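The values are calculated or read from the model by the stated rules, or taken from the named source; none is laboratory data. Since the structure is predicted, the reported quantities are computational estimates derived from the model, not experimental observations. Counting neighbours? That spans all protein chains shown, and the Cβs are built from the backbone with ideal geometry, glycine included.
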Amino acid sequence: MKRGELYRVTNPSSDPKKHRVFVVVSRQELIETHFSTVICAPIYSVHDGLSTQVLVGIEEGLKHDSSIHCDALMSLQKSILTDYIGVLSPTKMQALNRSLRIALELLG
């Protein structure tokens with residue numbers, strides 16, 4: 001598992017959809033530890049144009065245009081991240097990092 005990878009999760013907690021795709025946003029050092037969870041950002045088909053959202057789509061392995069929502073981070077068990085979808089390009093990773101900094105007010 002690596003930072004920037006997308007996984008489809010079945011029945012994520014408190015989500016009305018049967019499946020939801022998430023992107024792993026935890027730092028690689030944490031992913032490689034014994035900790036059982038990682039921080040992920042959900043991907044929704046809705047894009048509101050917020051600076052905390054990153055457009056993604058077919059290039060990342062999705063069926064249609066969607067967006068990563070950095071204002072809705074979740075801690076997920078590594079064990080449920082098994083249905084690999086794709087990975088973000090370096091350009092999308094830069095956009096994700098920028099959106100995470102904005103969402104967490106880490107600018108400056």
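Say whether the condition of being in contact (Cβ under 8 Å) with a residue 24 or more places away in the chain, over 15 Å from G4 (Cα atoms), touching a Pro at 6+ places or on another chain (Cβ under 7 Å) and not in a helix (DSSP H, G or I) is met by at least one residue in region 51-60.
no
Evaluate the following for T91: is it surrounded by fewer than 17 Cβ atoms within 10 Å (Cβ to Cβ) and either among the hydrophobic types (A, V, I, L, M, F, W, C) or more than 22 Å from V9 (Cβ to Cβ) (or both)?
Yes.
Just one of D71, D65 is touching a helix residue (DSSP H, G or I) at 6+ places or on another chain (Cβ under 7 Å) and either without any contact (Cβ under 8 Å) to a residue 40 or more places away in the chain or farther than 27 Å from L106 by Cα (or both); which is it? Please lay out each step first, then the result.
On the way: D65 fails: touching a helix residue (DSSP H, G or I) at 6+ places or on another chain (Cβ under 7 Å).
Every option except D71 fails the conditions.
Here are the criteria: (1) within 15 Å of R8 (Cβ to Cβ); (2) assigned to a loop (DSSP other than H, G, I, E, B); (3) in contact with a Leu (Cβ under 8 Å, 6 or more places away or on another chain). Tell me which single one G86 does not satisfy.
Single failed check for G86: (2).
To keep it simple, each residue is scored yes or no on (1) in a loop (DSSP other than H, G, I, E, B); (2) of a type in the set (D, E); (3) surrounded by fewer than 17 Cβ atoms within 10 Å (Cβ to Cβ).
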residue: K17; (1), (2), (3): yes, no, yes
residue: I39; (1), (2), (3): no, no, no
residue: V46; (1), (2), (3): yes, no, yes
residue: H64; (1), (2), (3): yes, no, yes
residue: S67; (1), (2), (3): no, no, no
residue: S75; (1), (2), (3): no, no, yes
residue: N97; (1), (2), (3): no, no, yes
residue: R101; (1), (2), (3): no, no, yes
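For F35, work out the one condition from (1) in a loop (DSSP other than H, G, I, E, B); (2) of a type in the set (F, W, Y); (3) in contact with a Phe, Trp or Tyr (Cβ under 7 Å, 6 or more places away or on another chain) it doesn't fulfil.
Of the numbered conditions (1) in a loop (DSSP other than H, G, I, E, B); (2) of a type in the set (F, W, Y); (3) in contact with a Phe, Trp or Tyr (Cβ under 7 Å, 6 or more places away or on another chain), the odd one out for F35 is (3).
Could you check region 82-108 and list, in sequence order, the residues that are modelled with pLDDT under 95 and touching a strand residue (DSSP E or B) at 6+ places or on another chain (Cβ under 8 Å)?
T82
What number of residues within region 40-62 are more than 13 Å from V21 (Cα to Cα) and touching a helix residue (DSSP H, G or I) at 6+ places or on another chain (Cβ under 9 Å)?
7
Under the condition of being crowded, with 21+ Cβ neighbours inside 10 Å and touching a Leu at 6+ places or on another chain (Cβ under 9 Å), which residue from region 48-62 is nearest to L100 (Cα to Cα)?
Quick first cut of region 48-62, residues crowded, with 21+ Cβ neighbours inside 10 Å only: 53-54, 56, 60.
Applying the additional criterion that residues be touching a Leu at 6+ places or on another chain (Cβ under 9 Å) yields 54, 56, 60.
Values: V54: 10, V56: 15, E60: 19 Å.
Only one residue tops the list, namely V54.
Would it be correct to say that V23 is part of a strand (DSSP E or B), touching a residue at least 24 places away in the same chain (Cβ under 8 Å) and out of contact with any Cys (no Cβ under 7 Å at 6 or more places or on another chain)?
Considered against the rule, which asks whether it is part of a strand (DSSP E or B), touching a residue at least 24 places away in the same chain (Cβ under 8 Å) and out of contact with any Cys (no Cβ under 7 Å at 6 or more places or on another chain), V23 comes out as no.
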